[in-house]
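Report on the following structure.
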Amino acid sequence: MDDQSVAQRVLDHIANGTTDLGDEVWREPVANYRSPQRLAAEIERVLRHSPTPFCPSAALPEVGSYVARDSAGTPIVAVRGVDGTVRAFRNACRHRGMQVASGSGCARAFVCRYHGWTYNLEGRLRHIPHEDGFPGFAKEAHPLVAVTASERFGLVFVTQDEPVLGDDSLGGLAKLISPDQRLFASAEREFEVNWKILLEGFIEGYHIKSTHPESFLPYGFDNLNVIDLFGRNSRVTYPFQRIKKLAKVPPAERRVEGLLTYVYHLFPNVLITVLSRHTNVVILEPLAVDRTRQITYTLTNSGGDDLGALAEARRDAEFVGNTGAAEDRAVVQAIQRGLGSGANEVFTFGKFESAIVHFHRTLTAALSH
């Protein structure tokens, strides 16, 4: 999966008029996109038992930095402690369940705004107003309820429930997000579409010519992709026309920055899109069979606080968001509207769509455990 090998695979496809192909065709029942029972199983048995990226590490830059949001329907807060370690907790006061944090920010402690019960950054209950009204209540036995948190590849992973589901191997990766990448924007939007349909639009290039004829196609290729599968995850490479110039560069000296887009799918519901000048961490939170909340964190690709790199990243993000991303959203929302037509009992994913096939095969296996 190294850049030089990917560049060679792309150049070979260009020379031969080919693309990466999967080994099977997958037929996914349309009922699996419409069933509340199926969605409940996906949330309860897969999303809550999987180590899932919750936010980039850059969203928690200093002691006391926190992010609080619902993850797989559960209120969770992640915070960087005084020892620099990131911890995550169920976002509920141990008194009467009030959430102790909202949104994002930086705090020295979490104070429940209902009755003022106070927890330190390690989740320990430190103060109860008028504590004499709770005789025999042991503060040390009532911390915020922790969930498993870890930091890898510039991401904060959270696992809500044990046992942990399946293979969490990210061994095929050399990097994802580096420490010098600056977080410069975040956004939340809700779309009237099933989370899996929204996800599928990110991880295949078979649609580029017909969906993006004026935005992406002039710079890219029609149905030319390199697809890598690793563990439960995948990466789709979308090359740009200008990658052809690497044919004249010795293989060991080839650099692909600005010559392609990488889209990583980290099972089950997170995507990392590495574009020319910026990177997005995209988290898809299912809300209903026909509604998804998309949380997007946007970072520079390099340069730290360099103003030039930041300006380039902003321009790149604006172009992608206002063109190709908007076109993709229109398509997936139209698919959602078409689900109820009765035209299809299954959706057929062919050999050009092997990352989607891998996703559905993996999801089906996970649900069977």
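The values are calculated or read from the model by the stated rules, or taken from the named source; none is laboratory data. All of these numbers come straight from a predicted model, not from anything done at the bench. Backbone-built Cβ (ideal geometry, glycine too); neighbour counts: all protein chains shown. In case anyone asks, the SASA skips ligands and DNA or RNA and just uses the protein heavy atoms, side chains included. Shrake-Rupley method; radii C 1.70, N 1.55, O 1.52, S 1.80 Å.
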statement: The condition from (1) hydrophobic (A, V, I, L, M, F, W, C); (2) free of Cβ contacts under 8 Å to residues at least 40 places away in the same chain; (3) touching a strand residue (DSSP E or B) at 6+ places or on another chain (Cβ under 9 Å) that residue 40 misses is numbered (3)
message: Just to be sure I understand, how many residues within the range 155-178 are farther than 18 Å from residue 267 by Cβ and either modelled with pLDDT of 95 or more or in contact with a Gly (Cβ under 7 Å, 6 or more places away or on another chain) (or both)?
response: 1
query: Conditions: (1) part of a helix (DSSP H, G or I); (2) touching a residue at least 60 places away in the same chain (Cβ under 8 Å); (3) out of contact with any helix residue (DSSP H, G or I) (no Cβ under 8 Å at 6 or more places or on another chain). Residue 12 meets all but one. Number of the miss?
result: (2)
message: Looking only at residues that are among the aliphatic types (A, V, I, L, M) and assigned to a loop (DSSP other than H, G, I, E, B) in the range 16-68, which one is nearest to residue 237 (Cα to Cα)?
response: 21
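For the range 88-204, please list each of the strands (runs of 3 or more DSSP E) lying entirely inside it that holds at least 2 residues being within 30 Å of residue 365 (Cα to Cα) and among the β-branched types (Val, Ile, Thr).
146-152, 155-159
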field: All strands (runs of 3 or more DSSP E) inside the range 222-315 with 1 or more residues being open to solvent by 40 Å² or more (accessible area, probe 1.4 Å)
entry: 226-230, 278-288, 291-300
- request: Output the residues belonging to the range 10-23 that are closer than 30 Å to residue 365 by Cα and open to solvent by 60 Å² or more (accessible area, probe 1.4 Å).
  value: 21, 23
- prompt: Would you pick out the residues in the range 37-57 that are touching a Pro at 6+ places or on another chain (Cβ under 8 Å) and either at positive phi or aliphatic (A, V, I, L, M) (or both)?
  reply: 39, 43, 46, 47
- prompt: Taking the range 46-67 only, how many residues are over 16 Å from the mean Cα position of the chain (by Cα) and of a type in the set (A, V, I, L, M, F, W, C)?
  reply: 2
